[in-house]
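Undergrad: Structure below; questions to follow.
The values are calculated or read from the model by the stated rules, or taken from the named source; none is laboratory data. On a predicted model such as this, the values are computed, not experimentally measured, just so you know. Counting neighbours? That spans all protein chains shown, and the Cβs are built from the backbone with ideal geometry, glycine included. Accessible surface is based on the protein model in full, side chains and every heavy atom, while ligands, DNA and RNA are left aside. Shrake-Rupley method; radii C 1.70, N 1.55, O 1.52, S 1.80 Å.
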Amino acid sequence: MDVNGAVAEGFEPVGEAFARNFATLGERGAAVAVYRDGRKVVDLWAGAKDVDGTDPWQRGTAQVVRSATKGVAAAVLLLLHQRGQLDLDAPVGEYWPEFKARGKERVTVRQVLNHRAGLPVLDRPLTPQEALDPARGPEAVAAQAPAWEPGSAHGYHALTYGWMLDEIVRRITGQSAGEWIAAEIAGPLGADFWLGLPAAEESAGRAGRVGDIEGPEPPAGAVLRARPKRSVTAAYTDPDSLTRRAFAAITPFPEQNEPAYRASALPATNGIATADGLARIYAALIGEVDGVRLFDEATAKLARAEESAGPDRVLVVNTRFGLGFMLHGSASPFLSPDSFGHPGRGGSLGFADPASGIAFGYVTNGFRKTVTADPRAQALVRAVRESLTKGA
């Protein structure tokens, strides 16, 4: 496999790990980018642009990053808070009156971000056509009763998170989250990240085709370790579980390669980005990138302060969340306990680590059966850690 791009001196382990992902972990097409203190130190890509094709991945090839979208979307609310336009502890209904229905009068913006709102499921899932209508998701969540007492527990809001966040942004700014990201985050940074792929980018073929892939067979003796816990397996197979219902809030799920899906804006799941775009945004959350800084020090601390930890009522493992960002932990290991970011189901990952000044972005066109800790992304994170340990 020919690997394209470059790594700065000291970060060679990342290039080696990236090549091994193709040789041993079934990678089809992918890219990784790493910034340190606002300077790009890793920029690599290889393989095919499309999971089912042979055209080569190019510099600037973008892919759907699934829930890695959530971290960038969370930055919108934190920036509105930083600018004095949003009170994190205000009831959501203060900005969005219709949300108050069915016992949700006291649900706060903070609880939306830290996955404690109790609203991970819809009693009636949306169809794909309904999901692409920006009004239907928020309407469905506003009419939904909580699955648990808001604030009493946390559970991953796989899809409903995006509808709640998008409507809060609309009520405050008059713009969708995607429009706000384009104007206030991606645009000023020159970052390739879209929540709603523009027609010009679609016609230019910027986004590759994504799809599910099988991972390699585990080595002999590792089968038991590779199998998920029985409780996790049961949660994903039981149609009545919160887990299954949370991921089925849109049923069936839209075809992710359709132009209509890529042009829509679902802040929980359908951002489209390059690896550099993800890493560049995270770099600007913790420092300056070419004269642009997004979070001030107080907001960066707020982003990584623990808000929820322990048993997750949806993912059925222990998870840690800050305000919209996942935090370093067993379910989603990042670089250090200081890291914050978000994985995308099946592969992609973006995060920042203020302690080391590292910002990381990884995108792939091949989605594996992982939720928060894909082996390919984790191999790259370990390689970044190795590089720092050796004095990069």
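Undergrad: Find the Cα radius of gyration of the chain, compare it with 2.2 N^0.38 Å by division, and give the number to two decimals.
TA: Values: Rg = 19.5 Å, N = 392, 2.2 N^0.38 = 21.3 Å.
After normalising by residue count via 2.2 N^0.38 Å, the value is 0.92.
Undergrad: Which peptide among 344-353, 300-309 comes first, and what is the full order, when sorted by highest mean count of other Cβ atoms within 10 Å?
TA: Working: 344-353: 27.9, 300-309: 17.9.
Highest-to-lowest ranking by the protection proxy: 344-353, 300-309.
Undergrad: Rounded, prolate or oblate: which fits the stretch 262-353, taking a ≥ b ≥ c as square roots of the Cα gyration tensor eigenvalues, rounded meaning a/c under 1.5, else prolate when a/b beats b/c?
TA: Cα axes put the stretch 262-353 in the oblate bin.
Undergrad: For the stretch 60-164, what class follows from the C-alpha gyration tensor (a ≥ b ≥ c being the square roots of its eigenvalues): rounded when a/c is under 1.5, otherwise prolate if a/b is larger than b/c, else oblate? Spell out each step's value before the answer.
TA: Details: a/c = 1.60, a/b = 1.12, b/c = 1.43.
Cα axes put the stretch 60-164 in the oblate bin.
Undergrad: Specify which residue in the list ALA68, THR237, PRO120 is farthest towards the positive end of the charge dipole of the chain, using unit charges on the beta carbon of Lys, Arg (+1) and Asp, Glu (-1), about the Cα centre.
TA: Value computed over the given set: THR237.
Undergrad: Then there's this: In whole Å, what three semi-axes, largest first, describe the equivalent ellipsoid of the stretch 141-298 built from its Cα gyration tensor (square root of 5 times each eigenvalue)? All intermediate terms of the calculation are to be shown ahead of the outcome.
TA: Values: eigenvalues 189, 106, 71 Å².
Semi-axis lengths for the stretch 141-298 are 31, 23, 19 Å.
Undergrad: About its Cα centre, how strong a charge dipole does the chain have in debye, to the nearest 20, once Lys and Arg get +1 and Asp and Glu get -1 at the Cβ? Show your work: numbers first, answer last.
TA: Details: 42 positive and 46 negative charges, 184 e Å.
I would put it at about 880 debye.
Undergrad: Next question. Any idea what the relative contact order of the stretch 243-373 is, in percent, if you count C-alpha pairs under 8 Å spaced at least 6 apart?
TA: Values: 223 pairs, mean separation 26.2, N = 131.
In percent, rounded to a whole number, it is 20.
Undergrad: Another question about this same structure. Would you mind working out the magnitude of the charge dipole of the stretch 261-392 relative to its Cα centre, with +1 at each Lys and Arg C-beta and -1 at each Asp and Glu C-beta, to the nearest 20 Debye?
TA: 540 debye
Undergrad: Further question: So what's the convex hull volume per residue for the Cα atoms of the stretch 1-137, in Å³?
TA: Values: hull volume 25.7 nm³, N = 137.
That works out to 188 Å³ per residue.
Undergrad: Still on this structure, I have one more. What part of the accessible area of the chain, given as a whole %, is carbon or sulfur when the probe is 1.4 angstrom? Kindly include the intermediate steps, with their values, before the conclusion.
TA: Numbers: 7440 of 15310 Å².
That fraction is 49 percent.
Undergrad: While we're here: Can you give me the Cα centroid spacing of the stretch 280-320 and the stretch 119-148 in angstrom?
TA: That distance is 26 Å.
Undergrad: Hey, could you grab the Kirkwood Rh for the stretch 19-66? Inverse mean 1/r over distinct alpha carbon pairs, Å, one decimal. Can you show the working numbers first?
TA: Values: mean 1/r = 0.0848 Å⁻¹.
Value: 11.8 Å, from the Cα pair sum.
Undergrad: Based on Cα coordinates alone, diagonalise the gyration tensor for the stretch 234-392, multiply each eigenvalue by 5, take square roots, and list the semi-axes in whole Å, largest first.
TA: So the three semi-axes of the stretch 234-392 are 27, 19, 16 Å.
Undergrad: Please tell me which of these pairs span more than 26 angstrom C-alpha to C-alpha: LYS70/LYS369; LYS301/LYS369; LYS70/LYS301; LYS369/LYS390; LYS40/LYS390; LYS100/LYS369?
TA: LYS301/LYS369; LYS369/LYS390; LYS100/LYS369
Undergrad: Considering Cα pairs under 8 angstrom that are at least six residues apart, work out the relative contact order of the chain and quote it in whole percent. Could the numbers behind the result be given before it?
TA: On the way: 907 pairs, mean separation 101.5, N = 392.
Relative CO of the chain lands at 26 percent.
Undergrad: Give the accessible surface of the chain per residue, rounded to a whole number of Å², with probe radius 1.4 Å and ligands, DNA and RNA excluded. All intermediate terms of the calculation are to be shown ahead of the outcome.
TA: Working: 15310 Å² over 392 residues.
I get 39 Å² per residue for the chain.
Undergrad: With charges only on Cβ, +1 for K and R and -1 for D and E, what is the dipole size of the stretch 334-392 about its Cα centre, in debye, rounded to 20? Numbers along the way, then the final one.
TA: On the way: 7 positive and 4 negative charges, 57 e Å.
Roughly 280 debye for the stretch 334-392.
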